[in-house]
Amino acid sequence: MTSPAGRAPGTAAWELLLPAASAPARSRGRSLQSALREAVRSGQLSPGTRLPSSRALAADLGVSRGLVTEAYEQLTAEGYLRSDRGAGTWVGGAVRKAAPGTRDLAPRPVHARVDFIAGTPDLSLFPRAAWAAAHRGVLAELPHHALGYPDPRGLPRLRTALAELLVRRRGVVAGPEGIIVCSGVAQAMALLGFVLRARGVGAVGVEDPGSPQHGELFASADVATVPVPVDDEGADIGALREHGLRAVVTTPAHQFPSGIGYSARRRAGLLDWARSVDGLIIEDDYDGDFRYDRAPVGALQGLDPEHVAYTGSVSKSLAPGLRLGWLLVPESMADEVVARKRMMDLGNPALDQALLARFVERGDYDRQLRRCQRAYRERRDALVAALDRHFPGTEVTGIAAGLHVIARLPGRWGPQEAFLRRAAAAGVALRPLSDYGSATGPGVCLVLGYAHLTPAQIAEGVRLAAGAAQELDHARVQSTRR
């Protein structure tokens, strides 16, 4: 091989292609094509490099000339090579070298000795043995036709199982026909955003403080979001009317991140607002099964299915990586949501849906919820006790539920930014309530996730944060005395 300038390329042809030439006879042609293609793609053979004649290359490699001719013709057809009649074969200029390596864009835990960032369940609680047993059972019983393109709403078996589960546990009004299986709450929000935009709804209310993801998901559907203040009873209905909104996203069972449960009065007022404007309440029931001091309050959707869209998932109860959730929408918009779902992904994976259906049907999901409830209640108690021991006077607000608490430290531990810097230096990852919205009040107010931590890790993290805070307090006292 020679370059356009007449120089031999850095690696001779037979060195690049010799392993392919040694392949078994039946696969030698494909191996030769693959090796030559990769040499061009990787830049080992640069654009403009002239290749040997088929006769010369065949002699170098010890293969038939026909094998080389076929490889040249195939890669010329694909655009990797170019051939000029009577002038030989050259490496084409259409190929661009692929980026090296494979990037992993999955969220990564922060580098800290103890990470109190909220939102992650304990993934070590995933029921591997029960899940594997369900997988074997599904593979044995699933008919062949079930592996075809699924109903975009979800497998009837899973929708039936979910309807029974949600009616029993969350008090929703649902039958199999009213449930849409989706890739978690994120896809449910995006689906609703696209349908609302098509209906002419240009803005949706979101809780303030609230989940930053809600705004990002609706923005992807070209729907603006309007912050709606949250007080100790729930979202401010007056703000909904003031902004002329006809849709709002809420977390009434356990507001994120403030931790309150919507009062009965606010729940009723929210429904009255939706009826008066023919609007839509989007109920994100992200952790509604996890209440530790009493039975969970039923879903808002059960009071008015025609004005509430309800969504949830297995992200907190099993694992977010499963990407399985559900959406119940008013009957009047069901066809539009299903049509959008069909266009978006043609339905969720059939095998995964059948697996979850079996898991729910056999009672494994209920057992998993009880297991998580015991573990998370213990960890919440450990966190409250550690705060009381190391930060006496701390106010833990919100109901005894979910996977996080709100902790407002006594004033002496501020200012907040200095406290957070000291804690980070001590190896403790923390997020303040101010990261989630505007109206958070004075002092140090933290959103502390605990579900993914053991009681020992929780105690250690609070101790480290207290030690850093005491250093800050000591430095402040010394500065005052000077």
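How charged is the neighbourhood of Ala274? Take every other residue with its Cβ under 12 Å from the Cβ of Ala274, and add Lys/Arg as +1 and Asp/Glu as -1.
Net charge around Ala274: -1.
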Can you give the Kirkwood hydrodynamic radius of the chain from its Cα pairs, in Å with one decimal? 26.7
Helix 364-390 sits at what angle to the longest principal axis of the chain, using alpha carbons and giving 0 to 90 degrees rounded to 10? 60
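Which percent of the Cα-Cα distances in segment 207-251 go past 13 Å?
I get 52 percent for the Cα pairs in segment 207-251 exceeding 13 Å.
Please give the charge dipole size of segment 308-418, origin at the Cα centre, charges +1 on K and R Cβ atoms and -1 on D and E Cβ atoms. Round to the nearest 20 debye.
On the way: 17 positive and 13 negative charges, 85 e Å.
Computed about the Cα centre, the dipole is about 400 debye.
How much of the DSSP bridge set in segment 192-281 is antiparallel, in percent, rounded to the nearest 5?
Working: 1 of 11 bridges.
Looking only at bridges with both residues in segment 192-281, the antiparallel portion is about 10 percent.
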If you line up the long axis of helix 350-361 against the longest principal axis of the chain, both from Cα atoms, how many degrees apart are they, to the nearest 10? 30
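Can you pull out the trypsin sites (Lys or Arg not before Pro) in segment 239-330 whose DSSP state is coil and whose Cβ has at most 11 other Cβ atoms within 10 Å? Before the final figure, lay out the partial values.
Values: sites: Arg241, Arg246, Arg265, Arg266, Arg267, Arg275, Arg291, Arg294, Lys316, Arg323; in loops: Arg246, Arg294, Lys316, Arg323.
Here the sparse-neighbourhood loop sites are Arg294.
Work out how much length Glu417 to Leu123 would gain on full extension: take 0.36 nm times their residue separation and subtract the Cα-Cα distance, in nm to one decimal.
Details: separation 294, 0.36 × 294 = 105.84 nm, distance 3.10 nm.
Additional length available on full extension: 102.7 nm.
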Go through segment 158-226 and name the trypsin sites (Lys or Arg not before Pro) that are in a DSSP coil and have 16 or fewer other Cβ atoms within 10 Å of their Cβ. Arg199
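Can you give the net charge of the other residues whose Cβ lies under 10 Å from the Cβ of Pro127, counting K and R as +1 and D and E as -1? Spell out each step's value before the answer.
Numbers: positive: Arg128, Arg367, Arg371; negative: Asp364.
My count for the surroundings of Pro127 gives +2.
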Angle between the Cα long axis of helix 455-481 and the longest principal axis of the chain, 0 to 90 degrees, nearest 10? 70
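How big is the charge dipole of segment 120-263 about its Cα centre, in debye rounded to the nearest 20, if each Lys and Arg gets +1 on its Cβ and each Asp and Glu gets -1 on its Cβ? List each step's numbers first, then the result.
Values: 12 positive and 14 negative charges, 147 e Å.
Taking the Cα centre of segment 120-263 as origin, the dipole is about 700 debye.
Rounded, prolate or oblate: which one fits segment 175-215, using the alpha carbon gyration tensor with axes a ≥ b ≥ c (rounded when a/c is under 1.5, else prolate when a/b beats b/c, else oblate)? Spell out each step's value before the answer.
Values: a/c = 2.32, a/b = 1.35, b/c = 1.72.
Cα axes put segment 175-215 in the oblate bin.
Helix-derived [θ] at 222 nm for the chain: sum -39500 (n - 2.57) over DSSP H runs of at least 4, divide by residue count, nearest 500? Could you put the intermediate results ahead of the total?
Values: 15 runs with 209 residues, N = 482.
After summing the helix terms and dividing by residue count, I get -14000 deg cm²/dmol.
For Thr76 and Arg103, what does the FRET efficiency come to when R0 = 35 Å and r is the distance between their Cβ atoms, rounded to the nearest 0.05?
Values: r = 32 Å, r/R0 = 0.93.
After rounding to 0.05, the efficiency reads 0.60.
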Of Gly193, Pro107, Val248, whose Cα points farthest to the positive end of the dipole of the chain (charges on the beta-carbon: +1 Lys, Arg; -1 Asp, Glu; origin at the Cα centre)? Pro107
Would segment 87-137 count as rounded, prolate or oblate if I go by the C-alpha gyration tensor, calling it rounded below 1.5 in a/c and otherwise prolate when a/b exceeds b/c, oblate otherwise? oblate
Theoretical gain in end-to-end length, Glu395 to Ser22 [0.36 nm per residue, Cα-Cα removed]: 127.0 nm
If we count every other residue with Cβ under 15 angstrom of Met343's Cβ, Lys/Arg +1 and Asp/Glu -1, where does the sum land? +1
Mark the label point 7 Å from the Cα of Arg136 along Cα→Cβ and return the residues of segment 313-337 whose backbone N is within less than 19 Å of it. none
Could you check the simple spin-label distance between Asp381 and Ala424, using points 7 Å along Cα→Cβ, in nm with one decimal? 3.5
Between Leu147 and Asp272, what is the label-point separation in nm under the 7 Å Cα-to-beta-carbon projection? 5.7
For the chain, with only Lys/Arg (+1) and Asp/Glu (-1) charged at the beta-carbon, what is the dipole magnitude about the Cα centre, in debye rounded to 20? 1640
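Once the cut-off is 24 Å, how many percent of the Cα-Cα pairs in segment 24-174 end up in the long-distance tail? If you can, show how the numbers build up before the last one.
Details: 7382 of 11325 pairs.
The proportion of pairs with Cα distances above 24 Å equals 65 percent.
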Rg(Cα) of segment 355-444 divided by 2.2 N^0.38 Å? 1.44
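Take every DSSP beta bridge whose two residues both sit in the chain, then give the antiparallel share in percent to the nearest 5. The partial results should precede the final answer.
Details: 27 of 45 bridges.
Here the antiparallel bridges make up roughly 60 percent for the chain.
Each value in this text was obtained by applying a stated rule to the coordinates, not by laboratory testing. Quantities reported herein were computed from a predicted structural model and do not represent experimental measurements. For neighbour counting, all protein chains shown are included, and Cβ atoms are generated from backbone atoms with ideal geometry for every residue, glycine included.
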